[in-house]
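Asks: Handing you this structure, nothing more for now.
The values are calculated or read from the model by the stated rules, or taken from the named source; none is laboratory data. Everything numeric here is computed off the predicted structure, so don't read it as measured data. Because the Cβ atoms are built from the backbone with ideal geometry, glycine has one as well, and the counts that use them run over all protein chains shown.
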2 protein chains.
Amino acid sequence: MPPFRTPIKHCRNCGASVAYRVPDDGDTRERAVCPACGTIHYENPLNVVGTVPYLGDKVLLCKRNIEPRWGKWTLPAGFMELGESTAEGAARETDEEAGADVQMEDLLTVISVPRVGQVHLYYRARLLSDRFDPGHETIEAKLFAEDEIPWEEIAFKTVRETLLCYFEDRRRGHFGVHNLVVS
Amino acid sequence: MPPFRTPIKHCRNCGASVAYRVPDDGDTRERAVCPACGTIHYENPLNVVGTVPYLGDKVLLCKRNIEPRWGKWTLPAGFMELGESTAEGAARETDEEAGADVQMEDLLTVISVPRVGQVHLYYRARLLSDRFDPGHETIEAKLFAEDEIPWEEIAFKTVRETLLCYFEDRRRGHFGVHNLVVS
């Protein structure tokens, strides 16, 4: 995934070519402004929502069948959609990517990734079955105990941090919400 | 603010008229797809980040000088920008809207608002001074004890919920992170 998005070239409202400049409305940042109809195009961070699905002392990881990080292991997660809550999005992604039947539990991590303009939010989710039905974005969905986690093959820093928080909280017998920043 | 954004009419890449349809890449939702260059336009929830600035037993509220909810009271908050963390955005908004000098503390609320496609994140922030220098979006910045809060004049549900969490946590002597959904 590239840092931020590709530049906006045309106005979403009228199709004219836009120019990046600071709008005249008191704003302090450059936006893509349409010289024809005046539309200001804002670009803001995206939320990625997912879960730590667990069964006993094991957590479920998915082997990615898509770029970036094809073949690496991740937690089920994806971009939050309009019309859903963070928890609903996390549950949806868990179903889509792992085909896992879960009961959603509490928020575990809120991790900003300023370099790519994202915030990742992970929930604990109790697995109700050890049968999975991964979607097309997943090669394999598999349970791992802590000492079996392929730490060198984890797809994203936010997944690694979330797994570390999960296992540490489990050891101390109390789960909290961890707010982190990764570069 | 309208529910979600106005529809996308033209492609941001080439300016051609787009059509809303489900892309052919395994997606399940309608997106604005460009028939000319193939660009798929995703629209996702926005994050609003802010603080509960406090000094002793009082919290700082700002009287809005902008629509929506002109003249109503709110906590300093605004849309998260690319390139910043949630806490950095919350600190920036506190400076812009209240001109308040604060020391950022922990995350307090993460509130989804699916109806408008937003997630609101509020941090506690300790005020280092009782002198404020509000920006053009604020009529007045003022400290309120709990029994002085103008509950009927609060601009947004997420602000109300965040204030309720703050005062309840303060009474029990322990602050947590509260994950809520409001309609």
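Asks: Only one of (1) in contact with a Pro (Cβ under 9 Å, 6 or more places away or on another chain); (2) without any contact (Cβ under 8 Å) to a residue 40 or more places away in the chain; (3) surrounded by fewer than 18 Cβ atoms within 10 Å (Cβ to Cβ) is not met by A:Thr86, so which one is it?
Replies: Against the list (1) in contact with a Pro (Cβ under 9 Å, 6 or more places away or on another chain); (2) without any contact (Cβ under 8 Å) to a residue 40 or more places away in the chain; (3) surrounded by fewer than 18 Cβ atoms within 10 Å (Cβ to Cβ), A:Thr86 comes up short only on (3).
Asks: Here is a further query. Among the candidates A:Gly71, A:Gly117, A:Gly83, which residue alone is farther than 22 Å from B:Leu121 by Cα and in the same structural domain as A:Leu163 (by TED's automatic domain parsing)?
Replies: Working: A:Gly117 fails: farther than 22 Å from B:Leu121 by Cα; A:Gly83 fails: farther than 22 Å from B:Leu121 by Cα.
The conditions single out A:Gly71.
Asks: Enumerate the pairs (first residue in region B:140-164 and farther than 25 Å from B:Val110 by Cβ; second residue anywhere and β-branched (Val, Ile, Thr)) with beta-carbon separation below 8 Å, excluding pairs fewer than 6 apart on the same chain, so at least 6 apart or on different chains.
Replies: These pairs meet every condition: B:Leu143/B:Val59.
Asks: Does region B:115-148 hold any residues that are farther than 21 Å from B:Lys58 by Cβ and more than 10 Å from chain A (Cβ to nearest Cβ), and which are they?
Replies: Correct list: B:His120 only.
Asks: Quickly run through region B:67-83 and pick out the residues that are loosely packed, with under 15 Cβ neighbours inside 10 Å and not small (Gly, Ala, Ser).
Replies: B:Glu67, B:Pro68, B:Trp70, B:Phe79
Asks: Can you pull out every residue in region A:18-62 that is within 13 Å of chain B (Cβ to nearest Cβ), over 30 Å from A:Glu93 (Cα atoms), buried (at least 16 other Cβ atoms within 10 Å of the Cβ) and in contact with a strand residue (DSSP E or B) (Cβ under 7 Å, 6 or more places away or on another chain)?
Replies: Answer for region A:18-62, where residues must be within 13 Å of chain B (Cβ to nearest Cβ), over 30 Å from A:Glu93 (Cα atoms), buried (at least 16 other Cβ atoms within 10 Å of the Cβ) and in contact with a strand residue (DSSP E or B) (Cβ under 7 Å, 6 or more places away or on another chain): A:Val18, A:Arg31, A:Ala32.
Asks: Another question, if that's okay. Does B:Arg124 qualify as being buried (at least 17 other Cβ atoms within 10 Å of the Cβ) and not small (Gly, Ala, Ser)?
Replies: yes
Asks: Would you pick out the residues in region A:1-58 that are within 30 Å of B:Glu67 (Cβ to Cβ) and of a type in the set (Phe, Trp, Tyr)?
Replies: A:Phe4, A:Tyr20, A:Tyr42
Asks: So if I check each of B:Thr86, B:Thr109, which one is polar (S, T, N, Q) and touching a Cys at 6+ places or on another chain (Cβ under 9 Å)?
Replies: B:Thr109
Asks: Could you tell me which of the residues A:Val59, A:Val48, A:Val52 is more than 17 Å from A:Pro134 (Cα to Cα), part of a strand (DSSP E or B) and among the aliphatic types (A, V, I, L, M)?
Replies: Working: A:Val59 fails: more than 17 Å from A:Pro134 (Cα to Cα); A:Val52 fails: more than 17 Å from A:Pro134 (Cα to Cα).
So the residue among A:Val59, A:Val48, A:Val52 that is more than 17 Å from A:Pro134 (Cα to Cα), part of a strand (DSSP E or B) and among the aliphatic types (A, V, I, L, M) is A:Val48.
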